[in-house]
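Structure first, then comments.
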């Protein structure tokens, strides 16, 4: 046993040694790795069984649990933070039982052969910063059209017009058609000129007012004057804000999607 | 260094020792764990930065990559299978560079202090079986109404009627109203009687034909006779099949959702 705190490694421990080490580590709220031959039973809303095989089990400080196989980036079994753990050596197997109350869920991981147990006190206060792509900004606008302006409504996106594809296409609160061009970095004169081309292309086809809005975190010096000359608008939008909106939308449940869908059809 | 193949552990290796061990393990397509102080740069469609802190890096046999912090069940950075890895010791830091071509993405993980490197040849052919819940069966039917019968169309779900909530409510190809009751296990007489109550409750309110369909993996002995008496139908549906449908739907991209959405509005 190599014990250089805050980092413990047990190589090829017995079931009993592993149970003792994991019990101690859980009570100390350490991050735990268990590698070995295991099988898993899950029951909750649904239920699942994973037959024996060698895998990596991770228990985190916050009581979340992951079982990873040797392939695939997704865990085969997992539980969100807040599990209560019951660990015991029983019939020559190590049983790690993770329980949640609401919703009631139970994951039991049984190990019969253990290659390694490691307990870690990870020090980590580093910040994670995500910078959105233009595509992400577009998706955020599709989810929340008011990011462009109050009362803005979508008609389409990636609409093909003569010089290329319009990022977002809609109508404003007064019924004018609106062409939106998105840039994830400081927008220059080229972005303003590109938007003007799209606006002109659409104007030539419809007998209706067409506005152009350039959406970007900010614009380069002098671009405001060009936008004014071309009668185009600018809307400042932070890509980071878009990333946040997308992140929230991705964690929305399938249920939300159905509820929305149903209210339209019922 | 403890080297009991197919399982290698290096505790507190130097940057150079770690680079050599990881290079060897990547070429042997082993699963690799690296624990230590690291920072991460990602660039691709979007970009992100993760400031220094102690984390767990997992590289899998299939070339997928995960960076896990001490809290949260989701990885902070990840790449799907198929990455190409470039590993080097550079300026007293270990650089692990994972590259993908389509779409072009790059994740660089830099370690300056390494607690442990472990290389594993995990033997795992165990099957994973997921058994769906009633809620999952319902969701699968909402996604694919034809699971109930050809031509079935949804009106609503969890519709409140006098005795409780109807699981799924729709119309058949002949325009009859249909009440669907779902059971995840063998359905008994109680399920048939429950469905009959819902059908009667709706019949009392509408001037239209109302059918009842019991959906379950199978029915208990004698239930078929009761169903016939009550003029109700039975449709066999495998919960496992529903789980598969849901799994596929969850991996569909946000984009698909928007494309569908747009085709309705445009």
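The values are calculated or read from the model by the stated rules, or taken from the named source; none is laboratory data. The model shown is predicted, which means the values in this text are computed figures rather than measured ones. With ideal geometry, Cβ positions are generated from the backbone for all residues, glycine too; neighbour counts draw on all protein chains shown.
Any chance region A:188-210 includes a residue that's within 14 Å of chain B (Cβ to nearest Cβ), farther than 30 Å from residue B:69 by Cα and touching a helix residue (DSSP H, G or I) at 6+ places or on another chain (Cβ under 7 Å)? I'd like the intermediate steps shown before the answer.
Step one: filter region A:188-210 for residues within 14 Å of chain B (Cβ to nearest Cβ), giving none.
Taking every residue of region A:188-210 in turn, none turns out to be within 14 Å of chain B (Cβ to nearest Cβ), farther than 30 Å from residue B:69 by Cα and touching a helix residue (DSSP H, G or I) at 6+ places or on another chain (Cβ under 7 Å).
Here's a check for you: in region A:10-29, which residue that is under 22 Å from residue B:124 (Cβ atoms) and within 11 Å of another protein chain (Cβ to nearest Cβ) is surrounded by the fewest Cβ atoms within 10 Å (Cβ to Cβ)? So that I can check it myself, show each step before the final result.
If we filter region A:10-29 for residues that are under 22 Å from residue B:124 (Cβ atoms), which is where we start, we get A:10-13, A:15, A:18, A:22.
Next, only the ones that are within 11 Å of another protein chain (Cβ to nearest Cβ) stay: A:10-12.
Values: A:10: 21, A:11: 18, A:12: 15.
Checked region A:10-29; the qualifying residue surrounded by the fewest Cβ atoms within 10 Å (Cβ to Cβ) is A:12.
Looking only at region A:5-29, count how many residues are assigned to a strand (DSSP E or B) and either modelled with pLDDT of 90 or more or not assigned by TED's automatic domain parsing to the domain that holds residue A:76 (or both). So that I can check it myself, show each step before the final result.
At the first step, the residues of region A:5-29 found to be assigned to a strand (DSSP E or B) are A:7-11.
If we keep only those that are either modelled with pLDDT of 90 or more or not assigned by TED's automatic domain parsing to the domain that holds residue A:76 (or both) as well, we get A:8-11.
Residues meeting the conditions: 4.
I need the strands (runs of 3 or more DSSP E) fully contained in region A:30-128, keeping only those with at least 3 residues that are surrounded by 22 or more Cβ atoms within 10 Å (Cβ to Cβ).
Working: elements: A:31-43, A:47-59, A:65-68, A:77-79, A:84-90, A:93-100, A:105-120.
Answer list for region A:30-128: A:31-43, A:47-59, A:65-68, A:93-100, A:105-120.
Might you let me know whether region A:60-75 holds any residue that is in contact (Cβ under 8 Å) with a residue 40 or more places away in the chain and either touching a helix residue (DSSP H, G or I) at 6+ places or on another chain (Cβ under 9 Å) or within 8 Å of chain B (Cβ to nearest Cβ) (or both)?
Step one: of region A:60-75, the residues in contact (Cβ under 8 Å) with a residue 40 or more places away in the chain are A:61, A:65, A:67.
Among the residues that remain, those that are also either touching a helix residue (DSSP H, G or I) at 6+ places or on another chain (Cβ under 9 Å) or within 8 Å of chain B (Cβ to nearest Cβ) (or both) are: A:61, A:65.
Yes, region A:60-75 contains at least one residue that is in contact (Cβ under 8 Å) with a residue 40 or more places away in the chain and either touching a helix residue (DSSP H, G or I) at 6+ places or on another chain (Cβ under 9 Å) or within 8 Å of chain B (Cβ to nearest Cβ) (or both).
From (1) surrounded by 15 or more Cβ atoms within 10 Å (Cβ to Cβ); (2) closer than 17 Å to residue B:164 by Cα, pick out the condition that doesn't hold for residue B:193.
(1)
May I ask you to list the residues in region A:129-141 that are part of a helix (DSSP H, G or I), in contact with a strand residue (DSSP E or B) (Cβ under 7 Å, 6 or more places away or on another chain) and at pLDDT below 90?
Step one: filter region A:129-141 for residues part of a helix (DSSP H, G or I), giving A:134-141.
Now restrict to residues that are in contact with a strand residue (DSSP E or B) (Cβ under 7 Å, 6 or more places away or on another chain): A:134, A:137-138, A:141.
Hit for region A:129-141 is A:134, nothing else.
Return the total of residues in region A:76-99 being at negative phi and more than 12 Å from chain B (Cβ to nearest Cβ).
Our first condition is that a residue be at negative phi; within region A:76-99, this holds for A:76-81, A:83-90, A:93-99.
Then keep just the ones that are more than 12 Å from chain B (Cβ to nearest Cβ); that gives A:84-90, A:93-97, A:99.
Residues in region A:76-99 being at negative phi and more than 12 Å from chain B (Cβ to nearest Cβ): 13 in total.
Quick test of your reading of the structure: residue A:79 fulfils all but one of (1) free of Cβ contacts under 8 Å to residues at least 60 places away in the same chain; (2) touching a helix residue (DSSP H, G or I) at 6+ places or on another chain (Cβ under 9 Å). Name the failing condition by number.
Result: residue A:79 fails condition (2) only.
How about region B:143-165: which of its residues are in contact with a strand residue (DSSP E or B) (Cβ under 6 Å, 6 or more places away or on another chain) and over 12 Å from residue B:215 (Cβ atoms)?
B:153, B:154, B:155, B:156, B:157, B:158, B:159, B:165
Looking for something more than 30 Å from the chain's Cα centre (by Cα), more than 7 Å from chain B (Cβ to nearest Cβ), within 19 Å of residue B:121 (Cβ to Cβ) and modelled with pLDDT of 95 or more - is there at least one such residue anywhere in region A:30-48?
Applying the first criterion (more than 30 Å from the chain's Cα centre (by Cα)) to region A:30-48 yields A:37.
Going one step further and asking which of them are more than 7 Å from chain B (Cβ to nearest Cβ), we end up with A:37.
In the following step, the residues that additionally are within 19 Å of residue B:121 (Cβ to Cβ) were identified as A:37.
After this cut, where a residue has to be modelled with pLDDT of 95 or more as well, the list is A:37.
Yes: region A:30-48 contains one or more residues that are more than 30 Å from the chain's Cα centre (by Cα), more than 7 Å from chain B (Cβ to nearest Cβ), within 19 Å of residue B:121 (Cβ to Cβ) and modelled with pLDDT of 95 or more.
Being modelled with pLDDT of 90 or more, more than 30 Å from residue A:113 (Cβ to Cβ) and in the same structural domain as residue B:227 (by TED's automatic domain parsing), is that true of even one residue in region B:152-162? I'd like the intermediate steps shown before the answer.
Within region B:152-162, the first condition is being modelled with pLDDT of 90 or more, and the residues that meet it are B:152-153.
Checking the rest, the ones that are also more than 30 Å from residue A:113 (Cβ to Cβ) come to B:152-153.
In the following step, the residues that additionally are in the same structural domain as residue B:227 (by TED's automatic domain parsing) were identified as B:152-153.
Yes, the conditions are met somewhere in region B:152-162.
Quick one: in region B:140-158, which of the residues that are surrounded by 18 or more Cβ atoms within 10 Å (Cβ to Cβ) and without any contact (Cβ under 8 Å) to a residue 24 or more places away in the chain is nearest to the chain's Cα centre (by Cα)?
Looking at residues that are surrounded by 18 or more Cβ atoms within 10 Å (Cβ to Cβ) and without any contact (Cβ under 8 Å) to a residue 24 or more places away in the chain, I get B:157.
Being farther than 30 Å from residue B:49 by Cα, touching a residue at least 40 places away in the same chain (Cβ under 8 Å) and within 7 Å of chain B (Cβ to nearest Cβ) narrows it down to one residue among A:54, A:105; which is it?
On the way: A:105 fails: within 7 Å of chain B (Cβ to nearest Cβ).
On inspection, the qualifying residue turns out to be A:54.
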